[in-house]
């Protein structure tokens, strides 16, 4: 821990309130759809305007909308998620993200939304040398790797990813060698959302038939229940990334963080020689900060 790590806290890493899109109570799902569709946000904080300024009330994710298609009121779609404060240290908020298994934490003081901090913000702090990045990734990597075969139909691979509760699958070729990586984002780019019908037989989607899930960052909880998503039934090899970035165990967390940011990826397979031996996810880098 060099001295320069000490001062960095949530205030330095977060997206400030002025740059955070919010929705206001009372409101309906239409008020939030545009952000979750067009702008590909994964979740939006909910605030309530009042005499003394706005009050933070909760968060609504894309998942909440998909899982409760019949619910129209924002107040009933909201979830309570852990919050943090702007003077919380980066290791403390990293610990919160790891323990609560959440990728986004609203920054709240006295019921007032000050900003939002994400896993990527913490990864950026590690990459920039503002948080401890000297740990070797070999000790941070998981040895349990989610894999699939390159000939697997994409809908099956999506289920495998869903059941494994991770946002990726390492794709293996005929010899059991690593052929590529498939992520939730790859699947979402080709997925077509199919809305249910309401009791009168009208599509609940109305004007939202062209609901597209482009350029979505995987952000924590599951948001792809297949009951209203159609996925092409073609082999994984047509959708995976073949040119896989890998890392060896001796590499430092800081280098892995820099690679994740520059390549816009959230996990890097760990190799020893040509052999796949584990995986380093962005959240795994956070664990290096939590056990000082």
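Read-outs throughout are calculated quantities, based only on the coordinates presented, and are distinct from any laboratory measurement. These numbers were taken from a predicted model, which means no experiment stands behind them. A quick note on method: Cβ atoms are made from the backbone with ideal geometry, for glycine too, and the neighbour counts reach across all protein chains shown.
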Rough spin-label spacing in nm, given labels placed 7 Å along Cα→Cβ, for residue 101 and residue 134: 3.3 nm
Order these peptides, 127-140, 48-61, by their mean beta-carbon neighbour count within 10 angstrom, highest first. 127-140, 48-61
Computed lengthening from residue 92 to residue 233, 0.36 nm per intervening residue step minus Cα-Cα distance: 46.4 nm
For a label point 7 Å from the Cα of residue 142 along Cα→C-beta, name the residues of the range 250-268 whose backbone N is under 17 Å from it. 265-268
How long is the gain from residue 272 to residue 255 if the chain were fully straight, where each residue apart is worth 0.36 nm and the alpha carbon distance is subtracted? 4.4 nm
Pop the C-beta distance of residue 163 and residue 290 into the FRET formula with R0 = 35 Å and round what comes out to the nearest 0.05. 0.85
For the pair residue 54 and residue 28, what calculated FRET efficiency results from E = 1/(1 + (r/R0)^6), where r is the Cβ-Cβ distance and R0 = 22 Å, to the nearest 0.05? 0.75
